[in-house]
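One structure is given here, and the rest of the page talks about it.
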């Protein structure tokens, strides 16, 4: 499960804006960024060593994917991010927030860009950004942190269900997926019970688990996961790795698992080689690089919209000063 973000709670004083309630721990952010960069360099070095003598195959595989497929893969990534943002909006609303979809999506766009480096950093950035731009209509920081838990629970449950796809490539025992599903079923039941008995403070973020809107949250999370599976399948076939949808699922599970490590954008190549390396290290590494590239492009497009929308909205709020014309009084005759 994604590690919860490091947020700093700052007591408010008179005249201090409410947005100051949530601040990112600067030292923690720097540490995470440094670790992610070092981790990415280490994984890239390991992949470079594995590709020694296969650079020609790697280059050919990279050039095989047409630009149209890369654009479609980036669009699928944007779809996944939008769907997950909608699921987050449902959870935030159930937790007591009334923030508009536009502001929440704007905060999500900035956060998902930070997720390229580190998943927990991206989560912290989304929460801090939302509290900054909508301090009066968004829940408290603690509630926003736990509002991520229902979405992550659905994602982990899906990973547990489809972990059967890891049996062949990793030699996982056949009974491991059954244990994973049983554990996630127990976790989901415990979270539901917790949400029913604790409805305020930190646990307010779990409110969606006891409300009718949970079906909508699950549906959008499924849409986000399905779009990512489709993107994986598309990029694998683009370089000549003809695997089934289950192979694309296995790569996504590996990406989700490796995403908990500070290895940055190198998650894609590492997951592809780990799961499908038997199809050829060069072509699977190329597919992983394309996954990383299209993921980054999708996140950049989403963040670009968020930043542009904020700038445009800020300019529209600025109204020019109204200069009144001088009034001329004409004397009347007696």
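The values are calculated or read from the model by the stated rules, or taken from the named source; none is laboratory data. Remember, it's a predicted structure, so these values are computed and weren't measured experimentally. With ideal geometry, Cβ positions are generated from the backbone for all residues, glycine too; neighbour counts draw on all protein chains shown.
Side notes on the structure shown:
- Test set (1) modelled with pLDDT of 95 or more; (2) not in a helix (DSSP H, G or I) - residue 85 fails condition number: (2)
- Those residues of region 239-280 which are free of Cβ contacts under 8 Å to residues at least 12 places away in the same chain and either under 20 Å from residue 121 (Cα atoms) or assigned to a loop (DSSP other than H, G, I, E, B) (or both), in sequence order: 242, 244
Yes or no, residue by residue, for (1) in contact with a strand residue (DSSP E or B) (Cβ under 6 Å, 6 or more places away or on another chain); (2) at pLDDT 90 or above; (3) over 18 Å from residue 298 (Cα atoms):
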site	(1), (2), (3)
185	no, yes, yes
205	no, yes, yes
225	no, yes, no
232	no, yes, no
253	no, yes, yes
258	no, no, yes
264	no, no, no
267	no, yes, no
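- Helices (runs of 4 or more DSSP H) completely within region 121-224 that count 3 or more residues being surrounded by 15 or more Cβ atoms within 10 Å (Cβ to Cβ), in contact with a helix residue (DSSP H, G or I) (Cβ under 9 Å, 6 or more places away or on another chain) and in contact (Cβ under 8 Å) with a residue 60 or more places away in the chain: 141-161
- Filter result for residue 201 (within 22 Å of the chain's Cα centre (by Cα), over 30 Å from residue 277 (Cα atoms) and at pLDDT below 95): no
- Here residue 70 does not qualify as in a helix (DSSP H, G or I), modelled with pLDDT of 90 or more and surrounded by 23 or more Cβ atoms within 10 Å (Cβ to Cβ).
- When we screen 59, 53 for residues that are exposed (fewer than 15 other Cβ atoms within 10 Å of the Cβ) and outside any helix (DSSP H, G or I), the only hit is 53.
- Residue match in region 288-305 (condition: outside any helix (DSSP H, G or I), farther than 21 Å from residue 83 by Cβ and modelled with pLDDT under 95): no
- Taken over region 227-238, residues that are within 22 Å of the chain's Cα centre (by Cα) and without any contact (Cβ under 8 Å) to a residue 60 or more places away in the chain amount to 4.
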